[in-house]
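Taken together, the values in this text are just the output of simple stated rules run on the coordinates, not laboratory data. Owing to the predicted nature of the structure, the values given are computational and were not obtained by experimental measurement. Glycine gets a Cβ as well: all are built from the backbone with ideal geometry, and neighbour counts include every protein chain shown.
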Amino acid sequence: MKLLDGKKTSNDIKDEIAAEVAKMKANGEKVPHLAAVIVGNDGASLTYVGSKVRACERVGFESTLVQLPNTTSEVELLDKIEELNSNDDIDGFIIQLPLPPQIDTQKVLMAVDPSKDVDGFHPENFGKMALDMSTFIPATPFGILELLDRYGVETQGKHTVVIGRSHIVGRPMSILMGRKGFPGNSTVTLTHSHTKNITQITSQADIIITALGRPKFLKAEMIKDDAVVIDVGITRVPDENAKRGYVITGDVDFENVSKKTSYITPVPGGVGPMTIAMLLKNTLLARERRR
Ligand code: GUN
């Protein structure tokens, strides 16, 4: 079993980005500027956004955090988005999800200027991704592709099973693994809550990507020997013994599953840090496109 070490790989990527930023600075160019909008005070969302802002500092980007109250109306958020769209200093921005129920998420994501949509959630960018056109690939799927690439994990001709069809991870991942090229050229099965006999499907998989948010869902009996397992789950499970009162738990029963795998991502330290590194990469790309 070999660990796909997202912590180390994301640090390598951040070092590469920092070197690019240092070159920009030395040439007197503007450095990339990422803005993040958060509505409300969900603990997990605040933690993620905080990590994104800190990562900007680490690589030399400028960053702006826009914190709006939980009672923010859809119109107020749309106004803020318009401001960010037309602010020439901002190269890219994200709206942290989920949003409070009074706000229509789809409407909000469609209001983001596609050239600044570093999350890759706008339908124009999602469509381009599906058509193999140059675009912003959503950060979590992009991070998984990058891990597979850097560790030289073979995907061509393999059977990839994706568990979960979210717009942020499962759906795009299923498209990307089946596209022409590397990583890609996989035969993909996308499974979800209505899938019957899931064990029959996962036990035939060469590569399993779980993005369910159900702690320890994937058990050793559900996979074949030498499978590659990518765990996107990051659920906070209450634990009295933990310092913060919870432990971050993946979708995979790591202790038992890892004994059977060829490669596996840990939680934490797997896909999570890769997501942040790839958001930075998309922001660098956004700056380069605007140059
Ligand atoms: N919420 C959970 N994951 C993400 C993400 O990748 N981007 C944004 N904007 N919100 C999220």
Filter result for the condition that a residue is β-branched (Val, Ile, Thr), over 29 Å from Ala26 (Cβ atoms) and crowded, with 22+ Cβ neighbours inside 10 Å, over Ile103, Ile95: Ile95
Qualifying positions in region 1-52 - among the small types (Gly, Ala, Ser) and surrounded by fewer than 19 Cβ atoms within 10 Å (Cβ to Cβ): Ala18, Ala19, Ala22, Ala26, Gly28, Gly40, Gly43, Ala44, Ser45, Gly50, Ser51
query: Within region 107-153, which residues are without any contact (Cβ under 8 Å) to a residue 12 or more places away in the chain and either of a type in the set (S, T, N, Q) or within 12 Å of the ligand (Cβ to nearest atom) (or both)?
result: Asn125, Ser134
task: Output the strands (runs of 3 or more DSSP E) that fall wholly within region 225-291 and possess 1 or more residues being among the polar types (S, T, N, Q) and in contact with a Gly (Cβ under 8 Å, 6 or more places away or on another chain), or say none.
output: 235-238, 246-249
Subset of region 1-47 that is among the polar types (S, T, N, Q) and within 20 Å of the chain's Cα centre (by Cα) - its residue that is nearest to Ala111 (Cα to Cα): Ser45
- prompt: Name the pairs: first residue in region 273-290 and within 14 Å of Ile144 (Cβ to Cβ), second residue among the β-branched types (Val, Ile, Thr) and not in a helix (DSSP H, G or I), Cβ to Cβ under 8 Å, at least 6 apart or on different chains?
  reply: Met278/Ile137; Leu279/Ile94; Leu279/Val118
Whichever residue in region 94-103 is of a type outside the set (A, V, I, L, M) and farther than 19 Å from Glu83 by Cβ and, among such residues, is farthest from the ligand (Cβ to nearest atom): Gln102
query: Are any of the residues in region 171-188 among the charged types (D, E, K, R), surrounded by 18 or more Cβ atoms within 10 Å (Cβ to Cβ) and free of Cβ contacts under 8 Å to residues at least 60 places away in the same chain?
result: yes
